[in-house]
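Only one structure is covered here, and it is reproduced in the block below.
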Amino acid sequence: MAQTSWSPHPRLTLLQQEIREGFFFLFPAVFLIFGITLFPIVFTFVISFTTTPLSNPAPQNFVGLSNYWSFLRNVQFWQAIARTAYFTVVSVGAELLLGLGIALLIHARPPGWAFLRTSLIIPWAVPTIVNGALWRWIYNADYGALNGLLYSLGILQKYRPWLTEPMTALNLVIVADIWHSVPFIALILQAALATLPVELDEAAAVDGANAWQRFWLIRLPLLRPAILVALVIRTVEAFRVFDIIYVITQGGPAFGTVTISYLTYLESFSYGRLGSGAALSFLITLFTFLMAIVYIRLLYRPEFRE
Amino acid sequence: MKHWRRARSTALMLFFTVLILAFIYAPIFWLVLSSISTRAELLAVPPRWIPENPTLKNYRDILIPGTAVSEVARTFSVTLRNSFLVAGSTTLICLTVGSLAGYALARLRLPFRDVLWLVILGVRMVPEISLVVPLYILAARFALLNKPIVLIITYLSFALPFAIWMLSTFFESVPRELEDAALIDGSSRLGILFRIFLPVAAPGIVSTALFTFLLAWDEFFFALIFTSTIAAKTVPVAIAEFTGRYAVDITAMMTGGVLAALPPVLLALIFQRYIVSGLSAGAVKG
């Protein structure tokens with residue numbers, strides 16, 4: 001009789017045992033996530049109410065909301081927001097259209113489709129910084145490939161600088177981003193296309209729907225979940241764009257390609273104002289959480305569950 | 001009539017296929033070309049699209065210390081090693097910690113499980129810039145700046161939630177019957193994870209390992225902020241430095257670019273199947 005009390009968990013029910021084990025399984029992950037993400041987010045929020053300098057980085061000098069107020073009155077801030085919005089809308093929009101086009105093309109199985117699908121993986125796998133360095137060299141004013149190509153084809157009579165005008169520079173950064181990111185959307189959408197039931201499409205064809213109608217009325221609605229997920233992921237990424245701008249333009253010419261992330265970097269680590277840098281980064285976090293809520297709601301809608 | 005229309009649409013599709021392939025490969029061609037040209041040929045106007053004297057000298061310069069001109073080029077192979085160390089360690093930790101957590105989230109009946117799911121989904125999207133200031137302050141206080149360990153720890157902030165998410169998605173598809181049979185035989189949960197889940201979900205593990213490695217290899221911002229000496233500097237930072245201080249050293253920059261791109265591109269091509277299935281399982285690398 002007494003022997004039974006020697007079993008490891010004498011009075012635990014099965015469920016209690018599961019919870020106990022779950023705690024040990026989850027502990028390392030929860031500990032790490034708390035320490036390196038949740039705690040820093042709260043810490044950032046606290047620092048954003050101070051004027052902590054980079055040279056002496058311990059939270060100090062509480063100033064309330066003044067970092068936030070000064071940004072709201074700052075032209076540079078609003079310009080960075082506008083540029084970020086432009087970058088996000090144009091690059092994600094173009095990537096989505098091109099990505100959908102390429103996915104449909106692959107799905108139609110033209111000669112060489114498998115090679116095309118494999119090739120898409122290359123730009124996607126090239127590291128962002130290499131992508132930036134490469135395009136910076138392509139756009140080079142004196143020896144770059146863009147000048148060389150246009151000159152060889154007779155389109156340009158003489159070499160011209162590409163990155164000296166803010167709007168052109170921003171658009172060319174977008175082109176580099178498109179090269180890198182279209183494959184992501186194309187691969188996701190072509191995988192989604194492959195899982196769609198063919199019966200609907202065939203039935204519609206029998207009923208006399210043309211290719212265009214079948215696309216708009218059948219495929220596009222069925223693809224909507226995949227499109228929305230790709231859209232949210234890319235929007236979050238484009239909104240925080242930093243690496244590629246750092247390499248291609250360093251925010252120039254004349255701050256013409258400074259996005260909100262770049263401005264945050266400048267505030268914190270070039271001007272050494274950690275407090276206002278933290279205020280800016282908190283605004284970025286806020287936007288990200290809004291997008292995360294959209295994303296989660298999308299994932300939990302019935303049409304998204306298999 | 002119908003034949004003619006089909007031929008026309010095939011021709012049109014072929015045209016677009018070739019156009020897209022050209023857009024994909026033109027920059028790659030220029031990258032590789034720049035890495036095997038001599039500096040003199042590279043600076044020709046208009047450029048020589050096919051080099052007269054292709055050379056591997058640039059690769060020798062950058063990989064064998066002592067021969068290269070600039071400091072970044074001389075220390076490039078060290079940064080390459082740092083990148084492997086950091087990305088490899090991040091991947092290993094993510095797989096270990098992520099498997100445990102992913103299994104618990106996929107299978108165990110736990111209070112707050114849904115809340116945890118949402119937290120993981122949410123932190124997966126938090127940008128690095130939102131974490132960098134506190135992490136910098138902490139790293140400075142504990143004298144961790146310029147050490148590989150600071151990158152390994154901070155990379156977990158984006159890699160771990162991602163790995164947990166992906167692994168538990170794969171674990172959910174493991175048949176319950178296998179698990180129940182082992183439980184009845186008296187296996188422990190840890191034994192079940194190792195003997196059933198890891199083997200059955202092996203493709204998912206490979207997929208997760210690949211994505212985690214690529215994410216860590218690609219990372220630039222934390223490396224830029226937390227490292228400034230070659231003790232921990234990674235490849236992306238070295239390449240960014242070529243563009244900054246050594247604006248003229250284009251052959252070295254492009255050669256470094258090829259070397260930095262090779263590991264992820266080769267991995268992605270070899271494990272193509274896993275990449276596509278991983279993307280569908282909800283990847284975040286864009």
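The values are calculated or read from the model by the stated rules, or taken from the named source; none is laboratory data. Since the model is a prediction, treat every value here as computed from it, not as a measurement. In this analysis, Cβ positions are derived from the backbone assuming ideal geometry, glycine residues included, and neighbour counts consider all displayed protein chains.
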Exercise. Taking the condition out of contact with any Phe, Trp or Tyr (no Cβ under 7 Å at 6 or more places or on another chain) and more than 18 Å from A:Leu26 (Cα to Cα), does B:Ser173 pass?
Worked result: yes
Problem set entry | Filter pass, A:Phe242 being under 23 Å from A:Ala176 (Cβ atoms), within 8 Å of another protein chain (Cβ to nearest Cβ) and in contact (Cβ under 8 Å) with a residue 12 or more places away in the chain | yes
Exercise. Considering the stretch B:106-122 alone, what residues qualify as being modelled with pLDDT of 85 or more and under 25 Å from the mean Cα position of the chain (by Cα)?
Worked result: B:Val119, B:Ile120
For this session: Can you confirm whether the stretch B:209-218 contains a residue that is aliphatic (A, V, I, L, M), touching a residue at least 40 places away in the same chain (Cβ under 8 Å), assigned by TED's automatic domain parsing to the domain that holds B:Ala139 and in contact with a Pro (Cβ under 6 Å, 6 or more places away or on another chain)?
Result: yes
Seminar exercise, completed: Out of (1) surrounded by fewer than 19 Cβ atoms within 10 Å (Cβ to Cβ); (2) touching a residue at least 12 places away in the same chain (Cβ under 8 Å); (3) closer than 22 Å to B:Val265 by Cβ; (4) not assigned by TED's automatic domain parsing to the domain that holds B:Gly204, the one B:Arg39 does not meet is (3)
For this session: State whether the residues of the stretch A:23-43 include one that is among the hydroxyl-bearing types (Ser, Thr, Tyr), over 20 Å from B:Pro161 (Cα atoms), surrounded by 14 or more Cβ atoms within 10 Å (Cβ to Cβ) and not assigned by TED's automatic domain parsing to the domain that holds A:Thr288.
Result: no
For this session: Output the helices (runs of 4 or more DSSP H) that fall wholly within the stretch B:34-152 and possess 3 or more residues being within 28 Å of A:Val236 (Cβ to Cβ) and at the interface with chain A (Cβ under 10 Å from one of its Cβ atoms), or say none.
Result: B:76-107, B:113-123, B:132-141
Problem set entry | Enumeration of residues in the stretch A:165-211 that are farther than 30 Å from A:Phe87 by Cα, in contact (Cβ under 8 Å) with a residue 12 or more places away in the chain and surrounded by 15 or more Cβ atoms within 10 Å (Cβ to Cβ) | A:Leu196, A:Asp201, A:Ala204
Problem set entry | Positions within the stretch A:126-145 being farther than 19 Å from B:Ala238 by Cβ and facing chain B (nearest Cβ under 7 Å), in sequence order | A:Ile138, A:Tyr143, A:Ala145
Exercise. Of the residues that make up the stretch A:109-122, is at least one of a type outside the set (Asp, Glu), in contact with a Lys or Arg (Cβ under 8 Å, 6 or more places away or on another chain) and either touching a residue at least 40 places away in the same chain (Cβ under 8 Å) or surrounded by fewer than 24 Cβ atoms within 10 Å (Cβ to Cβ) (or both)?
Worked result: no
